[in-house]
Amino acid sequence: MNYQDAIDYIHNTHKFGMKLGLDNIKRLLMHMGNPQSNLKFIHVAGTNGKGSTCAFINSILFEAGFKVGLYTSPYLEEFEERMRINNQNIPKDKLIYYVEYIKPIIEKLVVEGYNHPTEFEIITAIAFKYFCDENVDFVVLEVGLGGRFDATNVIDSSLVSVITTIDYDHMDKLGDTLEKIAFEKAGIIKENGTVVSFYQKDEALKVIEEVSRFKNASLSVMDINDVKIKESNSNHQVFDYKNYKNLKISIIGKHQIYNASLAVMAVEKLIQYGINISEDVIKRGLINAKWPGRIEVISKSPLIVIDGAHNPQGMAALKEALNLFTYNRLILVIGMLKDKDTDSMLKLIVPEADLIITTKPISDRAYTAEELSQKIAYDNVLHFENIDDAINEALKSAGKNDLILFCGSLYMIGHVRLYLKNVIK
C-alpha cells in the first residue's frame, strides 16, 4: 500500500455515512487493544472555538516540555494535520502503517456481520493507536460533531472536559434548540469529572449545569469580567485574565482572547492535578499558538485574509474583526454548504463587500457558485465554480489597498490557502 492507497481507503469509507453512536468505535477499539485506555485526555466540545482552544492548550503543554498529541478536524491542506505530536503531522509512512494495520480488523468485523466503521471512526481509532504507540503524555482531543455520541466520546475519562461557546449549528443532527444542542455537547462530561465552560447563553448554561450535577462533576464557568482586553490589532492581542497580566496571542479576533482564556482555565485544572506548568510557560504557549485558516493574514499587499467561519456566530466574529484592518474596497470570495444557516451568514457579511465572488467548496454538500450567487441580493456578484478561477479573479480585481476576504467554509479555505502560498511569494 502506498500513501495514496491509504488516503483513498480512508476517504472511500465516507460512503458508509455519518452515524452518531459509540457501539462501532467501541468494538473497533476493543479489537485494537483499547489504546485509548492508556491515554490522558483534555476533551474539547462546542460550536465555535474548539480548534483554537485546542491549539492554545496544546501549545501550552508543548512549551511545558510534554509530549502532546493533538487530534482535530477537518484538515486544511494535508490529511495528516488531523493527528499531530508536538506540532508535527503524523508521518505519511506511519499513516500507511496504521491503515494497513486497521484494514484487516475492519474486514473481520464486517465478515462477522457488524456495521462497517465510518470514516471518522476509523480516523479516530488510528489516532488513538498512534498516540498510544508513541507514548504521548497528553492528548488534546477535539470533538468531531456534538459530543454525546461523537466517536471521540468513547473515552472513559478525561482530565478536563472543555466546552467552548455553544450556538446553532448542525441542527439536523443535534437538535433545533440551544437546550438540545447544549445537551449533546455536555455529553462529554464524565462521572466525577472536571469541566470548564465558556460563558454561555442562559438556556445552554442551564443544561451544562444540570448535566454536571447529574454526573457529580465539578463545573467552572468563565466570567467575562475576568478578561481585560488591553490591545487588539491585526498583528497581535494583549489581555489580562484574572491574575495573569499581559498575556499575548498572535491569533486575530477578539473572540480568540476568550478562547485563550478558556484554555488557561483548562490548564489551571491540570495544575491542580500537580502537573508542573508555570505562568511563563502559559505565556509562551499562548503567544506561540498557531491555528491556520482563522482570520489568517496571507498577504499584506493586497491584504488577503482567510477565515473558516461557517455559522452565524463565527461570521459575526469575522465581521467584527474586519474593524482591525484598514482597506479601501472589500472583495469577498465566498463558498458555503447547503446544510448551514447561509441566509443568516449572508445577511452579516454581504453588506460589508464591494465586490462578491461566489465559488463551490470541495464538498458534495456545497452550493454551486451559481446557486449561491442567486441567493445574494446584490448587484456586483460574479460566480466561478472552480475555486482557482475565483481566486484569480479576486487577485485581478484587487488594488494594492484593497482587502480580499475568503470565507464561508473550511472545505474551501484549505484549498485557497495552499493555492495562495504557491502564487504569492
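The values are calculated or read from the model by the stated rules, or taken from the named source; none is laboratory data. Note that the coordinates shown come from a computational prediction; the quantities given were computed from them, not determined experimentally. A quick note on method: Cβ atoms are made from the backbone with ideal geometry, for glycine too, and the neighbour counts reach across all protein chains shown. Protein only, heavy atoms only, side chains kept; ligands, DNA and RNA dropped before computing areas. Shrake-Rupley method; radii C 1.70, N 1.55, O 1.52, S 1.80 Å.
Checking Y199 against (1) of a type outside the set (V, I, T); (2) open to solvent by 10 Å² or more (accessible area, probe 1.4 Å); (3) part of a helix (DSSP H, G or I); (4) under 25 Å from V267 (Cβ atoms), only one condition comes out false. Which one?
(3)
Would you check which residues across the range 178-193 are outside any loop (DSSP other than H, G, I, E, B) and crowded, with 22+ Cβ neighbours inside 10 Å and list them?
I181, A182, E184, K185, A186, I188
Here's the yes/no breakdown for (1) in contact (Cβ under 8 Å) with a residue 60 or more places away in the chain; (2) touching a Lys or Arg at 6+ places or on another chain (Cβ under 7 Å):
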site: F325; (1), (2): yes, no
site: D339; (1), (2): yes, yes
site: P361; (1), (2): no, no
site: D364; (1), (2): no, no
site: Y367; (1), (2): no, yes
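Report whether or not S161 is farther than 18 Å from F66 by Cβ and open to solvent by less than 20 Å² (accessible area, probe 1.4 Å).
On the way: farther than 18 Å from F66 by Cβ: yes; open to solvent by less than 20 Å² (accessible area, probe 1.4 Å): yes.
Taking the combined requirement at face value, the residue satisfies it.
Just checking, how many residues over the range 287-306 are closer than 25 Å to K347 by Cα and open to solvent by less than 10 Å² (accessible area, probe 1.4 Å)? Steps first, please.
First pass over the range 287-306, keeping only residues closer than 25 Å to K347 by Cα: 293-297, 303-306.
When the remaining residues are screened for being open to solvent by less than 10 Å² (accessible area, probe 1.4 Å), the result is 293, 295, 304-306.
The total comes to 5.
Considering the range 375-425 alone, what residues qualify as being over 21 Å from K340 (Cα atoms) and of a type in the set (A, V, I, L, M, F, W, C)?
If the condition is that a residue be over 21 Å from K340 (Cα atoms) and of a type in the set (A, V, I, L, M, F, W, C), then L382, A390, I391, A394, L395, A398, L403, I404, L418, L420, V423, I424 are the ones that fit.
Going by what's in this entry, would K319 be described as free of Cβ contacts under 8 Å to residues at least 40 places away in the same chain, over 28 Å from T72 (Cα atoms) and basic (K, R)?
It is false that K319 is free of Cβ contacts under 8 Å to residues at least 40 places away in the same chain, over 28 Å from T72 (Cα atoms) and basic (K, R).
So for the range 200-212 (the condition being within 30 Å of F325 (Cβ to Cβ), out of contact with any strand residue (DSSP E or B) (no Cβ under 8 Å at 6 or more places or on another chain) and touching a residue at least 24 places away in the same chain (Cβ under 8 Å)), does at least one residue qualify?
In the first step, residues of the range 200-212 are kept if they are within 30 Å of F325 (Cβ to Cβ); the result is 200-201.
Right, trim to out of contact with any strand residue (DSSP E or B) (no Cβ under 8 Å at 6 or more places or on another chain) and you get 201.
Retained after the next criterion (residues that are touching a residue at least 24 places away in the same chain (Cβ under 8 Å)): 201.
Within the range 200-212 (the criterion being within 30 Å of F325 (Cβ to Cβ), out of contact with any strand residue (DSSP E or B) (no Cβ under 8 Å at 6 or more places or on another chain) and touching a residue at least 24 places away in the same chain (Cβ under 8 Å)), the answer is yes, since at least one residue qualifies.
Restricting attention to the range 2-16, does a residue exist that is buried (at least 22 other Cβ atoms within 10 Å of the Cβ), in a helix (DSSP H, G or I) and touching a residue at least 12 places away in the same chain (Cβ under 8 Å)?
no
From the list A321, A317, which residue is under 16 Å from the mean Cα position of the chain (by Cα) and either of a type in the set (A, V, I, L, M, F, W, C) or within 21 Å of A369 (Cβ to Cβ) (or both)? Steps first, answer last, please.
Numbers: A321 fails: under 16 Å from the mean Cα position of the chain (by Cα).
Just one listed residue meets the conditions, A317.
Tally the residues that are within 24 Å of the chain's Cα centre (by Cα) and either outside any helix (DSSP H, G or I) or buried (at least 19 other Cβ atoms within 10 Å of the Cβ) (or both), restricting the search to the range 213-225.
5
What residue, among those in the range 290-322 that are polar (S, T, N, Q) and in contact with a strand residue (DSSP E or B) (Cβ under 9 Å, 6 or more places away or on another chain), is nearest to E385 (Cα to Cα)?
Step one: filter the range 290-322 for residues polar (S, T, N, Q), giving 299, 301, 311, 313.
This time we only want the ones that are in contact with a strand residue (DSSP E or B) (Cβ under 9 Å, 6 or more places away or on another chain), so: 299, 311, 313.
Numbers: S299: 24, N311: 22, Q313: 26 Å.
So, considering only residues that are polar (S, T, N, Q) and in contact with a strand residue (DSSP E or B) (Cβ under 9 Å, 6 or more places away or on another chain), the one nearest to E385 (Cα to Cα) is N311.
Among the strands (runs of 3 or more DSSP E) lying completely within the range 315-425, list those that include at least 3 residues that are more than 23 Å from T47 (Cβ to Cβ), hydrophobic (A, V, I, L, M, F, W, C) and open to solvent by 40 Å² or more (accessible area, probe 1.4 Å).
Hits in the range 315-425: none.
Within the range 291-301, track down each residue that is part of a loop (DSSP other than H, G, I, E, B), under 26 Å from the mean Cα position of the chain (by Cα) and not charged (D, E, K, R).
W291, P292, G293, I295
So if I check each of K190, K173, which one is more than 25 Å from E320 (Cα to Cα) and modelled with pLDDT under 95?
K173
Can you go through D354, D402, D341, D388 and tell me which one is in contact with a helix residue (DSSP H, G or I) (Cβ under 7 Å, 6 or more places away or on another chain) and at pLDDT 95 or above?
D388
For the structure I just gave you, tell me whether S158 is outside any strand (DSSP E or B) and at pLDDT 95 or above.
Spelling it out, S158 is indeed outside any strand (DSSP E or B) and at pLDDT 95 or above.
Report yes if some residue within the range 301-310 is over 29 Å from L145 (Cα atoms), polar (S, T, N, Q) and at pLDDT below 95; otherwise report no.
Checked against the condition, which is being over 29 Å from L145 (Cα atoms), polar (S, T, N, Q) and at pLDDT below 95, the range 301-310 yields at least one hit.
Could you list, in sequence order, all residues of the range 278-290 that are in a helix (DSSP H, G or I) and touching a residue at least 24 places away in the same chain (Cβ under 8 Å)?
The first filter runs over the range 278-290 and keeps only residues in a helix (DSSP H, G or I), leaving 279-288.
Hits for the range 278-290 are E279, V281, I282, K283, R284, G285, L286, I287, N288.
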